[in-house]
Amino acid sequence: MKLKCCWWETNFNDTGWKTGSAPFRYGDGAGGTFLGNMRGRYSTLYLQRCFTLKNPEYISVLDFMIDYDDGFKVWINSQEVLSVNVPTSLLFNSLASKTHESEEFETFEIPNLI
């Protein structure tokens, strides 16, 4: 049995979304995708990635390794599975509830995914 996991739903149409390489940045740093129009205009970035679990019955935990600044939220198949420093109301110009500088990847464990 295969399980396809996507940002919102397995049939989500992302053809209108732009593509880019991580890291996504607007200030310091190097590489990835520079968001030159971000500063002072928007503070939220939505990213999506689809993946398929070939044998989901054998998986009890899913680990995410995330390097973030200042917060993030993860949905899998329209279900929120992880939220760090995200305000109650999430809009394109929302700010994180706490500051956190990106420096290194942190591991977040998602139990009971399926």
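Please list, ordered by chain and number, the residues whose modelled amide H lies under 5 Å from the amide H of residue 110; skip anything fewer than 5 residues away on the same chain.
Those lying under 5 Å, H to H, from residue 110 are 62, 63, 64.
Amide H of residue 26 versus every other amide H placed in the peptide plane: which residues, excluding those fewer than 5 positions away on the same chain, fall under 5 Å?
35
Assuming a ≥ b ≥ c are the square roots of the Cα gyration tensor eigenvalues, decide whether region 57-114 counts as rounded (a/c under 1.5), prolate (otherwise, with a/b larger than b/c) or oblate.
Note, shape of region 57-114 comes out oblate.
If you split all Cα-Cα distances of the chain into 10 Å bins from zero, what percentages do you get per bin, shortest first?
Answer for the chain: a P(r) of 11, 40, 37, 11, 1 percent.
Could you state how much accessible area residue 63 has, in square angstrom rounded to the nearest 10, with a 1.4 Å probe and all protein chains kept in place?
Ignoring ligands and nucleic acids, residue 63 comes out at about 90 Å².
What accessible area, in Å² to the nearest ten, does a 1.4 Å probe give for residue 102?
Here the accessible area works out near 50 Å².
Under 17 Å from the Cα of residue 98, which aspartates and glutamates turn up, not counting those fewer than eight places away in the same chain?
Of all the aspartates and glutamates, those that pass the test against residue 98 - Cα under 17 Å, at least 8 places apart if same chain - are 67, 69, 70, 106.
Determine ³J(HN,Hα), in whole Hz, for all residues of region 45-61 in sequence, where each value follows from phi through the Karplus function 6.51 cos²θ - 1.76 cosθ + 1.60 and θ = phi - 60°; x replaces Gly and Pro.
10, 9, 10, 9, 8, 9, 8, 10, 8, 6, 10, x, 5, 9, 10, 9, 9
The values are calculated or read from the model by the stated rules, or taken from the named source; none is laboratory data. Computed from a predicted structure; not experimentally measured. Just so you know, the surface numbers come from the protein's heavy atoms only, side chains and all, with ligands and any DNA or RNA stripped out. Shrake-Rupley method; radii C 1.70, N 1.55, O 1.52, S 1.80 Å.
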